[in-house]
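The values are calculated or read from the model by the stated rules, or taken from the named source; none is laboratory data. Since the model is a prediction, treat every value here as computed from it, not as a measurement. Here the Cβ positions follow ideal geometry from the backbone for every residue, glycine too, while neighbour counts run over all protein chains shown. Side chains included, ligands, DNA and RNA excluded: accessible areas come from the protein's heavy atoms. Shrake-Rupley method; radii C 1.70, N 1.55, O 1.52, S 1.80 Å.
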Amino acid sequence: MKKFTAFLLWSSAVIFAAIGVYFLAVPEDAASAIGVSMLNDTGRTDIRATYGGMVLGIAVFFAWAALAPERTKAGLVSLAFVYGGLALGRIVAIATGDRPGSMMWLFLAIEL
C-alpha cells in the first residue's frame, strides 16, 4: 500500500505541476486547449493565478506529503478533496445541461 500511496501522490504532483507551469507560461494556449477564451488582461491574470499558481501550489503540497510517511495521510485526504471537488464541478455542469467535450469526460473518469 505504501508504494501505491507514493505513486498516487507523486503522479498527482507531477501532473498538477505540469498543468500549473503550462498555464503560467502560456495562458492563452493552455486556456484555448480546454475551450476557454480570455477577453482581457484581468482574465489572463486570473487564469494564471487559478490554473497556474493555485494548481502549482497543490502540486507542491502533494510532493511535500509524499516526502514523509507521517504526511501521507494528509496527502491522501487532500487528493480525495481535490479530485472530488473537480469531479463534483463536472457532474454539476453535466446535470445542469452542459455538454462537455471528450476531454472533460476523460478528466471526470480520472477524477472518479
* Asked: Scanning the chain for helices, which whole DSSP H stretches are 27 Å or more long along the axis (Cα) and average -0.5 or more by Kyte-Doolittle?
  -> 2-25, 72-95
* Asked: Which whole-Hz couplings ³J(HN,Hα) result when phi for each residue of the stretch 31-37 is put into the Karplus expression 6.51 cos²θ - 1.76 cosθ + 1.60, θ = phi - 60°, listed in order with x for Gly and Pro?
  -> 5, 4, 4, 10, x, 9, 10
* Structure fact -> The Rg/Rh figure for the stretch 1-56, Cα atoms and Kirkwood Rh, to two decimals is 1.15
* Rounded to the nearest 20 debye, dipole of the stretch 32-108 from Cβ charges on Lys, Arg, Asp, Glu -> 100 debye
* Asked: Using heavy-atom solvent-accessible surface (probe 1.4 Å) with all chains present, what is the largest-first order of 24, 108, 39?
  -> 39, 24, 108
* For the stretch 2-37 and the stretch 54-71, what is the separation of their C-alpha centers, rounded to whole Å? -> 14 Å
* Structure fact -> For the chain, shape from the Cα gyration tensor axes a ≥ b ≥ c, cut at a/c of 1.5 then a/b versus b/c, turns out oblate
* To do: Please name whichever of 50, 8, 22 sits farthest to the positive end of the charge dipole of the stretch 7-71, dipole taken about the Cα centre and charges placed at Cβ: Lys and Arg +1, Asp and Glu -1.
  => 8
* Please report the relative contact order for the chain, taking Cα pairs under 8 Å with a sequence separation of at least 6, and give it as a percent rounded to a whole number. => 28 percent
* Asked: What does the helix-only formula give at 222 nm for the chain: each DSSP H stretch with n ≥ 4 adding -39500 (n - 2.57), the total divided by the residues, and the result rounded to the nearest 500 deg cm²/dmol?
  -> -24000 deg cm²/dmol
* Asked: Which value, in Å² rounded to 10, gives the accessible area of residue 32 with a 1.4 Å probe and all protein chains present?
  -> 80 Å²
* Carbon and sulfur together cover what percent of the accessible area of the chain at a 1.4 Å probe radius? -> 71 percent
